[in-house]
Ligand SMILES: C[S@@+](CC[C@H](N)C(=O)[O-])C[C@H]1O[C@@H](n2cnc3c(N)ncnc32)[C@H](O)[C@@H]1O
């Protein structure tokens, strides 16, 4: 599928075309990683992509099928920030992403990382860490994950790119 047809990321792609972020950081790999890769390749403005993935098994599936994603999908373990509240983060270095111009959150699989009481987790806190580290509001896009959207909305982060919900 051509990346422009990956409809649910339409607004993120529009943002990329208009703003040409130097680095896109994605949390949670999948079809989106492939489309983002192809988008950057086609636009050819020098933009880079890093995708953090906690599952080695899933990374292997992706890289076996698309070997050119090997340098893009990096393993980062998940750590609980607050297990009772279901807050998790990908553990990685922030210095290596200091030129990030767009954050995309679609991971981890919350059913894999459960609270003390056995409920799925519900929040990926890396955007908060990035904004604190860089002392600015980095534009962000969240795939689904209403808990995450509400959390960041309540922090009054500007630069939220709303998801496009295809009508059909
Ligand atoms: C919802 S997926 C990310 C999808 C991607 N952002 C997209 O829109 O195509 C979130 C996480 O679920 C896990 N996951 C997704 N599909 C999987 C599969 N078929 N097998 C194992 N893990 C999977 C991976 O760890 C992945 O990072």
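The values are calculated or read from the model by the stated rules, or taken from the named source; none is laboratory data. Quick caveat, the model's predicted, so the values are computed rather than measured. All Cβ positions, even for glycine, are placed from backbone atoms using ideal geometry, and neighbour counts span all protein chains on display.
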Exercise. Is there a residue in segment 18-28 that is within 22 Å of residue 166 (Cα to Cα) and without any contact (Cβ under 8 Å) to a residue 12 or more places away in the chain?
Worked result: yes
Exercise. If you go through segment 103-111 one residue at a time, do you hit one that is more than 16 Å from residue 53 (Cα to Cα) and within 16 Å of the ligand (Cβ to nearest atom)?
Worked result: no
For this session: Go through segment 111-148 residue by residue and tally those that are free of Cβ contacts under 8 Å to residues at least 40 places away in the same chain, crowded, with 19+ Cβ neighbours inside 10 Å and in a helix (DSSP H, G or I).
Result: 1
For this session: Just name the residue that is farthest from residue 128 (Cα to Cα) out of those in segment 68-93 that are assigned to a loop (DSSP other than H, G, I, E, B) and without any contact (Cβ under 8 Å) to a residue 12 or more places away in the chain.
Result: 70
Exercise. Could you say which residue among 45, 68 is over 16 Å from the mean Cα position of the chain (by Cα), more than 16 Å from the ligand (Cβ to nearest atom), modelled with pLDDT of 95 or more and over 22 Å from residue 138 (Cα atoms)?
Worked result: 68
Exercise. Which ones in segment 117-157 are closer than 13 Å to residue 25 by Cβ and either more than 16 Å from the ligand (Cβ to nearest atom) or more than 17 Å from the chain's Cα centre (by Cα) (or both)?
Worked result: 129, 130, 131, 133, 134, 138, 139
